[in-house]
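The values are calculated or read from the model by the stated rules, or taken from the named source; none is laboratory data. The structure displayed is predicted, hence computed values, not measured ones. As a convention, Cβ positions derive from the backbone with ideal geometry for all residues, glycine included, and neighbour counts pool all protein chains shown.
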Amino acid sequence: MVTLAALQQAVSAVADPEIPVLTIADLGMLRDVALGADGRPVITITPSYSGCPAMRVIEADIRAALAALGCQDAELRIVLAPAWSSDWLSEAGRAKLQAYGIAPPTPSRPNCPRCGAADTELLAAFGSTACKALWRCTACREPFDHFKCH
Ligand SMILES: [Zn+2]
């Protein structure tokens, strides 16, 4: 019999396929891990971006993590309301993004994650993925991704 703590640990460690330094727990996508009355794990997640193809990968990774614990029969609940917001990103998640060279979500112009300069310009509204915008620092001239606010 798997414990709730083991389930939480395994599911929390599932990484975001687009930003592998972040887990779904860092992103705030993982809303709840519970054991149902019948002993089946019930995992509740809210996708960070509706229609994001990463969601299928995340679902498969959660099932794989559960299967590794011997839970073949889990219930995955996708909850769309309230909608995910970049405010759900944890402080640890923001620090990991910064260290990875991606400016964490900000309501205003992002600072350069490399040199910290505030003087940055938008190059493209869609960066390497739809979830990121491409910016360039006018101080160190380096382009960088900015995790977009929703
Ligand atoms: Zn810079």
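Just a few scattered comments:
- Within the range 17-39, the residues that satisfy the criterion of being surrounded by 15 or more Cβ atoms within 10 Å (Cβ to Cβ), part of a loop (DSSP other than H, G, I, E, B) and out of contact with any helix residue (DSSP H, G or I) (no Cβ under 6 Å at 6 or more places or on another chain) are ILE19, MET29.
Okay, residues lined up against (1) over 15 Å from LEU22 (Cα atoms); (2) among the basic types (Lys, Arg):
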site	(1), (2)
ARG63	yes, yes
SER85	yes, no
LEU89	no, no
GLY93	no, no
LYS96	no, yes
PRO107	yes, no
ALA139	yes, no
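Here is a yes/no grid of residues against (1) under 25 Å from PRO47 (Cβ atoms); (2) touching a Phe, Trp or Tyr at 6+ places or on another chain (Cβ under 7 Å); (3) of a type in the set (Phe, Trp, Tyr):
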{"site": "SER85", "(1), (2), (3)": "yes, no, no"}
{"site": "ALA103", "(1), (2), (3)": "yes, yes, no"}
{"site": "PRO107", "(1), (2), (3)": "yes, no, no"}
{"site": "CYS112", "(1), (2), (3)": "no, yes, no"}
{"site": "ALA118", "(1), (2), (3)": "no, no, no"}
{"site": "LEU123", "(1), (2), (3)": "no, yes, no"}
{"site": "THR129", "(1), (2), (3)": "yes, no, no"}
{"site": "TRP135", "(1), (2), (3)": "yes, yes, yes"}
{"site": "THR138", "(1), (2), (3)": "no, no, no"}
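- The single condition among (1) over 18 Å from LYS132 (Cα atoms); (2) free of Cβ contacts under 8 Å to residues at least 24 places away in the same chain; (3) outside any loop (DSSP other than H, G, I, E, B) that THR44 does not meet is (2).
- Evaluating LEU30 against the criteria (1) under 11 Å from the mean Cα position of the chain (by Cα); (2) closer than 12 Å to LEU66 by Cα leaves one unmet condition, (2).
- Residues located in the range 1-38, provided they are in contact (Cβ under 8 Å) with a residue 12 or more places away in the chain, of a type in the set (Asp, Glu) and either under 18 Å from ARG77 (Cα atoms) or in contact with a Gly (Cβ under 9 Å, 6 or more places away or on another chain) (or both): ASP16, ASP26, ASP32
- Evaluated against (1) over 21 Å from the mean Cα position of the chain (by Cα); (2) within 16 Å of the ligand (Cβ to nearest atom); (3) over 21 Å from GLU18 (Cβ atoms), ASP73 falls short on exactly one condition, (2).
- Residue ranges of strands (runs of 3 or more DSSP E) in the range 87-150 with at least 1 members within 16 Å of the ligand (Cβ to nearest atom), at pLDDT 90 or above and touching a His at 6+ places or on another chain (Cβ under 9 Å): 120-124, 132-137
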